[in-house]
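Read-outs: derived from the displayed coordinates by stated rules, not from any lab. These figures come from a predicted structure and were not determined experimentally. When we count neighbours, we look across all protein chains shown, and the Cβ atoms used for this are built from the backbone with ideal geometry, even at glycine.
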Amino acid sequence: MRIPKEVQSVINELKKKRFEAYIVGGCVRDFLRGIEPEDWDVATSTKPEEIQKIFPKSFYENKFLTVTIQTGSKNPKLKEIEITTYRKEAKYTDKRHPDQISFAKTIEEDLSRRDFTVNAIAIGQKIENRKQKIEIVDPFGGQEDLKNKIIRAVGNPEERFNEDALRMMRAVRFAVTLGEDWKIEEKTAEAIKKNSPWLQAISKERIRDELIKIIMTERAAEGIELLRELQLLQYIIPELEDGYKVTQNKHHIYECYEHYLRSLDFAAKKNFNKYVRLAALFHDIGKPKVKNGEGPDATFYSHEIVGAKETCQILDRLKFPKKDIEKIVKLVRYHLFYYNVGEVSDSSVRRLVRQVG
């Protein structure tokens with residue numbers, strides 16, 4: 001795989017002016033894995049004002065020292081490229097946003113503020129024997145972790161998570177989205193467990209968005225279980241943990257929590273949309289509250305009604321749009337509808353379609 005000409009052009013223009021320029025972030029991680037990046041980011045030693053002089057077709061409307069340039073490319077992934085000045089960040093008092101952002105002097109200093117080693121690699125271009133060659137800057141061993149499929153925090157994991165507590169969820173997301181057999185490094189995992197309460201400082205909207213990214217992976221069920229193992233799930237959807245080790249009756253072979261995950265796993269493997277995936281995860285969430293008795297004859301009367309209400313509360317708490325909530329709640333509420341040709345009338349089916357939408 002080659003670096004696109006649009007990206008090469010941006011780097012070359014900056015270097016013509018004697019500025020340093022490197023490709024950084026997730027695009028480097030994907031590029032080194034042979035996967036086409038969704039977007040491209042560049043870090044440079046120059047200031048935003050100077051970047052805008054070099055690239056007139058650009059805009060700078062943020063406090064993160066990032067200039068977005070328009071390349072004119074026909075490839076939608078390359079129409080815009082973000083260029084950010086090397087930066088360093090001071091304390092994160094609220095565990096969400098840096099109290100102050102200031103310029104860094106080197107690419108190594110810029111990489112040191114990033115979340116995980118696999119995202120802390122930079123690619124530059126240099127001339128060697130009159131030929132342009134790739135230069136890789138990897139001060140934290142990210143290439144080795146890519147090779148070994150390890151999610152490892154840059155430097156001290158507690159410091160990284162204190163800077164932005166959402167990174168603890170991001171560790172889980174990367175573990176289930178980057179491919180099979182990816183693991184979170186031991187010290188990083190221990191830091192997540194120890195500091196999981198920090199997640200409470202994060203806005204519900206950011207948690208929701210990260211949760212959806214996990215839910216929409218093929219390994220969604222593994223992601224939810226990893227959230228539980230790392231003690232994060234209790235701060236996202238504690239209602240799911242209420243079903244942990246709760247046995248069912250003779251109609252089921254799995255305990256409630258495992259049944260939730262297996263249902264989600266089926267929906268993910270079928271590549272169903274987020275509404276069906278979330279409904280699959282939540283469809284029996286009301287069972288622990290209504291369970292009566294133990295053993296093969298235990299009952300769960302009205303669990304679909306209780307579960308629908310609980311689902312509504314969960315999604316509302318996580319700031320899901322009202323239209324999304326309505327769709328998912330309906331699927332949970334009517335998931336017990338039984339259809340067998342000859343036993344259910346056409347009018348019953350039409351009524352269900354009207355109810356569910």
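Which shape class, rounded, prolate or oblate, goes with segment 5-148 when its Cα gyration tensor gives a ≥ b ≥ c as root eigenvalues, a/c under 1.5 marks rounded, and past that a/b bigger than b/c marks prolate?
Cα axes put segment 5-148 in the rounded bin.
Starting from the Cα-Cα distance between Lys147 and Glu13, subtract it from 0.36 nm times their residue separation and give me the gain in nm to one decimal.
Working it through step by step, the gained length comes to 45.0 nm.
Once a ≥ b ≥ c are taken as the square roots of the eigenvalues of the Cα gyration tensor of the chain, is the result rounded (a/c under 1.5), prolate (a/b larger than b/c) or oblate (a/b not larger than b/c)? Present the calculation step by step, with values, prior to reporting the outcome.
Working: a/c = 2.50, a/b = 2.06, b/c = 1.21.
Prolate shape, in that a/c is at least 1.5 and a/b is the bigger ratio.
Going by the alpha-carbon gyration tensor, a ≥ b ≥ c the square roots of its eigenvalues, is segment 149-228 rounded (a/c under 1.5) or, if a/c is not under 1.5, prolate (a/b greater than b/c) versus oblate?
Since a/c reaches 1.5 but b/c is at least a/b, the shape of segment 149-228 is classed as oblate.
Order 11-24, 112-125 from most to least packed using the mean count of other Cβ atoms within 10 Å.
Highest-to-lowest ranking by the protection proxy: 112-125, 11-24.
For helix 5-16, report the angle its Cα long axis makes with the longest principal axis of the Cα atoms of the chain; keep it between 0 and 90° and round to the nearest 10°.
So the inclination is approximately 40 degrees.
For a 25 Å ceiling on Cα separation, which of these pairs sit above it: Lys47/Lys149; Lys53/Lys131; Lys47/Lys79; Lys53/Lys105; Lys47/Lys88; Lys63/Lys193? If you can, show how the numbers build up before the last one.
On the way: Lys47/Lys149 35 Å; Lys53/Lys131 28 Å; Lys47/Lys79 22 Å; Lys53/Lys105 21 Å; Lys47/Lys88 14 Å; Lys63/Lys193 32 Å.
From the list (Lys47/Lys149; Lys53/Lys131; Lys47/Lys79; Lys53/Lys105; Lys47/Lys88; Lys63/Lys193), the Cα-Cα distance tops 25 Å for Lys47/Lys149; Lys53/Lys131; Lys63/Lys193.
Given the options Gly25, Gln52, Pro37, identify the residue whose Cα lies farthest towards the positive end of the charge dipole of segment 10-75 (+1 on Cβ of Lys, Arg; -1 on Cβ of Asp, Glu).
Value: Gln52.
Hey, with R₀ at 22 Å, roughly what FRET efficiency would Thr177 and Ser203 work out to, going by the Cβ-Cβ distance, to 0.05?
Using R0 = 22 Å, I get an efficiency of 0.50.
Could you please rank Met169, Met216, Met1, placing first whichever residue has the fewest other Cβ atoms within 10 Å of its Cβ?
Met1, Met216, Met169
How many nm separate the modelled label positions at Lys5 and Phe266, each set 7 Å beyond the Cα in the direction of the Cβ?
So the label points at Lys5 and Phe266 sit 5.1 nm apart.
Straight distance only, please: which lysines reach the Cα of Lys194 with their own Cα at less than 16 Å, same-chain residues fewer than 8 apart left out?
Correct list for Lys194: Lys95.
Using a Förster radius of 41 Å, what is the FRET efficiency between Asn75 and Lys250 based on their Cβ-Cβ separation? Nearest 0.05, please. Could you put the intermediate results ahead of the total?
Values: r = 57 Å, r/R0 = 1.39.
Given R0 = 41 Å and the Cβ-Cβ separation, E is 0.10.
At a Cα cut-off below 17 Å, give the lysines reachable from Lys126, other chains included and same-chain residues fewer than 8 away excluded.
Within reach: Lys5, Lys15, Lys16, Lys17.
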